[in-house]
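Below is one structure, written out as structure tokens; comments come after it.
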Amino acid sequence: MDLHDKDILPGDILPVVIIGNGPSGICLSYLLSGYTPYLSPEASHPNTLLQSKLEEQPHLSLLEQDLEYLCEGLEGRSSNPVAVLFDSLLLPDSDFGLDHISPLEWRYEPERAVPHLVLGKGPPGGAWHAMEGSMLTLSLANWMELPGLKLKDWMRDKRRNVRNDRATPAEIASYYQHYVTQMSLEHNFACGTTVTSVTRQNGNQEGSPACWRVTGLQRREGEELAGGSSVSEEVPFSVLAHNVVLATGTHDIPARLDVEGESLPFVCHSFWELEAAISRGELDQSSDPVLVVGAGLTAADAVLAAHHLNTPVYHAFRRSVTDPGLIFNQLPKLLYPEYHKVHQMMTQQQHQPSPRPQDHAQNLRSTPSSPSSSTSSSSSSSYPGYLSFPRHRVVEFRPDRKCVLESDSGERTVVQVSKVLVLIGAHPNLSFLKDNGRELGMNPKEPITCRRNPVEVDPFTNEVVAAEGPGMYAMGPLVGENFVRFLKGGALAIASDLAKRQRAGGELSPDRLMDRWVDRQVSEAEVLHS
């Protein structure tokens, strides 16, 4: 769908605009398009208490039921109650490795549809299209799927195999893009869009209600040049909406250490910069070590990629290897063998502090494959070319490619490196909101982050608590949900709340104004492409 540089007519207000077209936005679009979950008469849930609650009003859809009541007593691996509920209904007892049939059945009821618009920078699937295509996802394949289309069935149709019950990011990205087409959701999606501002519009004396104004730019392919290439242009757009949903994810802006020298050219902040260096042939077994900073899964992927090339690796992170909060201590070993290998490396080949005070600032010129006695826990190396620095932080990067590390005890170590990868997470790009949306967080004095400071929302509606006015929602990583299996609960919470307001006769009821607006977008697009 093309958007154009003009405001829609007074009163011509969209019911819902979703900012972000990743799995969060796609799942919400599915629910707002009339696809409705009911308790199936033939199925039952292994949780007898939840089953009995669902049977109390089997004629009502899940969107019409009291979600808070259904959530009572449920436990799961998410802090958001509706996420636990929806996950339990879509994948009963999946944490125990069981494959129960979902007790839900999906009915297409177009009369329930809420007109909406989904804005995204790239194709449907969001950040999944930017992820490296050969690694396996952390989640099981069925945890990545969206309602109504089994991922394994789709992959079987494409003659693909799911390795170890896990898929690659490239496969997942393709699945999400296909899902939008398969479910006939394309007319709701405006891709190539960058939102630049979301502001609250006050009502006026003519009766126009208060709403949200969403403005931005849409990238469109222009005149075709010789050789088949074309010139792209960015066209401004502005739309009004009763409700705005923040579903941008948190992968836009890499987190930084904020230490001296971090802007030096050999210091990188994304895994893909390592990929690019490898493809250019800059790293091999004769290179100075690569320093990987961070103890998450992306950092582990970087360790594996460098280790695969026999490039020496230094690995610095703030936690202890036995810290229960470390992600590797939470993953089953049999299901995630590659990450278990990294954890073994982190544990078995640790830098050992020098027993001599005068060696506090030693310069490690040797590679980790032949460490000095003060830098290895054992003389024989199970993983040659790797050395971990648990409970260390980076103090400084120097122009001569030396990095200063400091332990919890204050001991400093200087290491010579070829490249540094700072992989400590990312922040969402909420530049379209005042002060980057900081005031919406649990702690308004800190930037929004998935783990430490998510957007504060009502737990059963996902409405943003500190928004300027009603009708702003947030979902997905912005509210602390990093896994697709749980972000679907945010879609249920929002769709349920909007459905309740629609039944109450509020501003969400579809009307001819909305129909006129959609018709106008389609007709103008046809003129442009004729």
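Each reported figure results from applying straightforward, stated rules to the coordinates on display, with no laboratory input. The structure presented is a predicted model; accordingly, all values stated were derived computationally and were not measured. Don't worry about glycine lacking a Cβ; one is built from the backbone with ideal geometry, like all the others, and counts go over all protein chains shown.
Show the residues, 5+ positions off or on another chain, whose built amide H is closer than 5 Å to the amide H of Leu421.
When sequence neighbours closer than 5 places are left aside, the close amide H contacts are Cys268, Leu291, Val292, Val293.
Order the peptides 43-56, 234-247 from the highest to the lowest mean number of other Cβ atoms within 10 Å of their residues.
Numbers: 43-56: 15.5, 234-247: 22.3.
Listed from highest to lowest mean packing, they are 234-247, 43-56.
Nearest 0.05, what FRET efficiency do Gln51 and Val395 give at R0 = 51 Å with Cβ-Cβ as r?
0.35
For Cα pairs less than 8 Å apart in space and 6+ apart in sequence, what is the mean separation divided by the residue count of segment 419-489, i.e. the relative contact order in percent?
Computed value for segment 419-489: 21 percent relative contact order.
Distance in nm between label sites at Ser320 and Asp458, each 7 Å beyond Cα in the beta-carbon direction?
Simple spin-label model gives 4.3 nm for this pair.
Counting only residues 5 or more places away or on other chains, whose amide H sits under 5 Å from the amide H of Glu262 once H atoms are built in the peptide plane?
Correct list: Phe397.
Kindly state, to the nearest 0.05, the FRET efficiency for Glu262 paired with His59, given R0 = 51 Å and r defined as their beta-carbon distance.
About 0.30, to the nearest 0.05.
Taking the alpha-carbon distance from Lys150 and a cut-off under 18 Å, which lysines remain once sequence neighbours fewer than 8 residues away in the same chain are dropped?
Cα-Cα hits under 18 Å: Lys158, Lys488.
Could you pull out every one of the lysines with an alpha carbon less than 18 Å from that of Lys341, ignoring same-chain neighbours closer than 8 positions?
In chain and number order, the partners are Lys333.
Place the peptides 259-269, 26-36, 297-307, 429-439 in order of packing, highest mean first, counting for every residue the other Cβ atoms within 10 Å and averaging per peptide.
Result, highest mean Cβ count within 10 Å first: 26-36, 297-307, 429-439, 259-269.
Say R0 is 41 Å: what FRET efficiency, to the nearest 0.05, do Ser238 and Lys150 get from their beta-carbon distance?
0.55
I need the phi-derived Karplus couplings for segment 23-34: 6.51 cos²θ - 1.76 cosθ + 1.60, θ = phi - 60°, integer Hz, Gly and Pro marked x.
Using θ = phi - 60°, the values come out as x, 4, x, 5, 5, 5, 4, 4, 5, 7, 8, x Hz.
Give the lysines reachable from Lys434 as a straight Cα distance under 20 Å; neighbours fewer than 8 places away on the same chain don't count.
Here the lysines satisfying the reach criterion relative to Lys434 are Lys445.
How far apart, in nm, are two points set 7 Å out from the Cα along the Cα-to-Cβ line at Glu109 and at Ile278?
4.9 nm
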